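S.K.: Take this structure, written in structure tokens, and hold onto it; I'll ask about it next.
The values are calculated or read from the model by the stated rules, or taken from the named source; none is laboratory data. Predicted model only: the values in this text are computed from it and were never measured. Note that we place each Cβ from the backbone using ideal geometry, even for glycine, and neighbour counts take in every protein chain shown. Areas reflect the complete protein model, heavy atoms only, side chains present, ligands, DNA and RNA absent. Shrake-Rupley method; radii C 1.70, N 1.55, O 1.52, S 1.80 Å.
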Amino acid sequence: QVQLVESGGGLVQAGGSLRLSCAASGSIFSINVMAWYRQAPGKQRELVAVITSGGGTNYAGSVKGRFTISRDNAKNTMYLQMNSLKPEDTAVYYCYCSVPPNWGQGTQVTVSS
């Protein structure tokens, strides 16, 4: 049984920073491709950033240069450092793992202008 638990969301002013964490259990974390998605009210869930088992990364154009995805395989944890936050970053952020496919419960990020 895979379990993904996100934490670190909250309310922040525009220009501020937050760091999200995703703790994984019950999966072979080190070989997993992991990702962060987000879903804003009334919009479809979208990919924010992805990190491979080898540490390769890719980002959505809207967050490139502001967000950094990373992972600590020893701690079975993935992170998303979010800097220079904008009101349009407001969304529920979800952690995703690929093997087996599974989602976390989400953590709310709200950026005020």
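S.K.: Hey, among the residues in the range 89-113 that are open to solvent by less than 40 Å² (accessible area, probe 1.4 Å) and assigned to a loop (DSSP other than H, G, I, E, B), which one's nearest to Val5 (Cα to Cα)?
M.R.: Among residues in the range 89-113 that are open to solvent by less than 40 Å² (accessible area, probe 1.4 Å) and assigned to a loop (DSSP other than H, G, I, E, B), the one nearest to Val5 (Cα to Cα) is Gly104.
S.K.: Given the conditions (1) under 11 Å from the mean Cα position of the chain (by Cα); (2) of a type in the set (Lys, Arg); (3) part of a loop (DSSP other than H, G, I, E, B), and given that Arg19 satisfies all but one, which numbered condition is not satisfied?
M.R.: Failing condition for Arg19: (3).
S.K.: Select from the range 30-61 the residues that are out of contact with any Asp or Glu (no Cβ under 9 Å at 6 or more places or on another chain), outside any loop (DSSP other than H, G, I, E, B) and of a type in the set (S, T, N, Q) and write down the one among them that is nearest to Ser98 (Cα to Cα).
M.R.: My answer is Ser30.
S.K.: Kindly indicate the residue of the range 20-39 that is closer than 14 Å to Ala91 by Cα and not aliphatic (A, V, I, L, M) and also least open to solvent (accessible area, probe 1.4 Å) among those meeting that condition.
M.R.: Of everything passing the filter in the range 20-39, Trp36 is least open to solvent (accessible area, probe 1.4 Å).
S.K.: Here is a further query. Which pairs have Cβ atoms under 7 Å, sit 6 or more apart or on different chains, and link a residue in the range 30-47 that is free of Cβ contacts under 8 Å to residues at least 24 places away in the same chain to one that is surrounded by 12 or more Cβ atoms within 10 Å (Cβ to Cβ) and not small (Gly, Ala, Ser)?
M.R.: Partner pairs satisfying both residue conditions: Glu46/Tyr37; Glu46/Arg38; Leu47/Tyr37.
S.K.: If you don't mind, there's one more thing I want to ask. May I ask you to say which residue of Glu46, Glu6 is under 16 Å from the mean Cα position of the chain (by Cα), modelled with pLDDT of 95 or more and over 20 Å from Pro87 (Cα atoms)?
M.R.: Glu6
S.K.: Does any residue of the range 65-80 turn out to be under 22 Å from Gly26 (Cα atoms) and assigned to a loop (DSSP other than H, G, I, E, B)?
M.R.: Checked the range 65-80: at least one residue is under 22 Å from Gly26 (Cα atoms) and assigned to a loop (DSSP other than H, G, I, E, B).
S.K.: Would you tally the residues in the range 55-88 being open to solvent by 60 Å² or more (accessible area, probe 1.4 Å), under 22 Å from Gly104 (Cβ atoms) and touching a Gly at 6+ places or on another chain (Cβ under 7 Å)?
M.R.: 0
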